[in-house]
Amino acid sequence: MKLSDGAIAAVDHGGSLGRASALFPHAPQPFVDLSTGINPHSYPLFDLPATALSRLPEAARLQELAKVAADAYGAPSAVHVAAAPGTQILLPRVASLVSPGRALVLGPTYAEHARAAAIAGHAVAEVEDVEALAAADLAIVVNPNNPDGRVVSRERLFRLAGELRAKGGLLVVDEAFMDVGPHVESLAGDVGQGGIVVLRSFGKFFGLAGVRLGFALSDTLTVERLETQFGPWAVAGPALEYGIRALADSGWQADMRRLLAEDAARLDALFGRFGIPVAGGTTLFRYLQMSDAAGLFSALGERGILLRHFSDRPQVLRAGLPGRQEEWQRLESALAGWDARRDDSAREIAR
């Protein structure tokens, strides 16, 4: 992760339409961007009070947001919640809660965790066995995992947290996709035990990534340390208003979970029609493993359909959900074109 000059390597992410246009300059516009795990059915927009923009955010609204978030995520109480302008900004700050030492990340996973731990001064390594995390000073688990959807049980994580806590270590569990995961496996209700930080992302499930809102759930001392780093007014007024309303809207959330499950099943069926195996994921993204992943990525990209590819894992792709019916039709047409080209190539080889 560290470069020879001591700098920290940047991470390539999905969701960059500028990069997509450079890669596929002749693709039809607009792109159907399936390279992120962001809900295409965003929480309904509403008129903000003028004060959300014209005044500095009130402390009372931040406290209300913390209360609503604690209820929504299952944290013990509002004092166990630190709100931030997006989860991303929390990563190096959380990693800095532990003195520089050995950071282990359960992988393969979201690359920003390793980068953030390196920024905080840790020696970082990726491991594939959850049992190996007990040797860390800072252990990081994404649960459900991005991009394959792997879930580690709450029981195992709780036991690991105890092992780390006994030696002054810290377990960080990124639950960015737990809104559509098995809630019984969330560690949010256990953060009061100490030695645990649970991260929750607002923008993905609610489809409002541009609002920039995220949360760290932990014991009260850790929450105070994080809030001290941010200082006052860390969360913008519009983000406060959207967070309070959306997190309290349990009816919308229940309906959305059902819709996303239906969309994920529809996407699996569509891929299945063209012989594309779905190896995992969540209802916000599907995980594909295939020998010609690069060919599929390029073929769809040329038709204006952007998937998430991984330079270090050339046989892996991640596909988010289309939103509008037009996007579903464009994806189906692009897959049919790829399949026809593949059949033509097979016939040429057979000759």
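The values are calculated or read from the model by the stated rules, or taken from the named source; none is laboratory data. This one's a predicted model, so the numbers in the text were calculated from it and none came from an experiment. No Cβ is skipped: glycine too gets one built from the backbone with ideal geometry, and neighbour counts run over all protein chains shown. When the accessible area is computed, the model is the full protein with side chains, heavy atoms only, and any ligands, DNA or RNA have been set aside. Shrake-Rupley method; radii C 1.70, N 1.55, O 1.52, S 1.80 Å.
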Legend entry - Listed peptides 184-193, 121-130 by packing density, highest first (mean Cβ within 10 Å): 184-193, 121-130
Inset, instruction - Provide, in order from the shortest bin, the percent of all Cα-Cα pairs of region 112-259 in each 5 Å bin, continuing until the bin that contains the maximum pair distance. - result: 2, 8, 16, 21, 21, 16, 10, 5, 1
Inset, instruction - Specify whether the C-alpha gyration tensor of region 302-345 places it in the rounded, prolate or oblate class, a ≥ b ≥ c being the square roots of the eigenvalues: rounded for a/c under 1.5, otherwise prolate if a/b is larger than b/c and oblate if not. - result: oblate
Inset, instruction - For SER311 paired with ALA50, estimate the spin-label separation in nm (one decimal), with each label point 7 Å from Cα along the Cα-to-Cβ line. - result: 4.9
Legend entry - Dipole in debye (nearest 20) - the chain, about Cα centre, beta carbon charges: Lys, Arg +1; Asp, Glu -1: 240
Inset, instruction - For the chain, give the percent of accessible area contributed by carbon and sulfur heavy atoms, probe 1.4 Å, rounded to a whole number. - result: 52
Inset, instruction - Divide, for the chain, the radius of gyration over alpha carbons by 2.2 N^0.38 Å, where N is the residue count. - result: 1.03
Inset, instruction - At 1.4 Å probe size, with no ligands or nucleic acids counted, give the accessible surface of ARG330 in Å², nearest ten. - result: 50
Inset, instruction - Would you mind getting the accessible area per residue of region 105-236, heavy atoms of the protein chains only, 1.4 Å probe, in Å²? - result: 35
Legend entry - Highest average packing first - 139-147, 89-97, Cβ atoms within 10 Å: 139-147, 89-97
Legend entry - Phi-based couplings in Hz for region 197-213 (Karplus 6.51, -1.76, 1.60; Gly and Pro marked x): 10, 9, 9, 10, 9, 7, x, 5, 5, 7, x, 10, 4, x, 5, 6, 8
Legend entry - Vicinal HN-Hα couplings computed from phi for region 265-280 (Karplus, 6.51 cos²θ - 1.76 cosθ + 1.60; Hz; Gly/Pro x): 5, 5, 5, 4, 5, 5, 4, x, 4, 10, x, 9, x, 9, 9, x
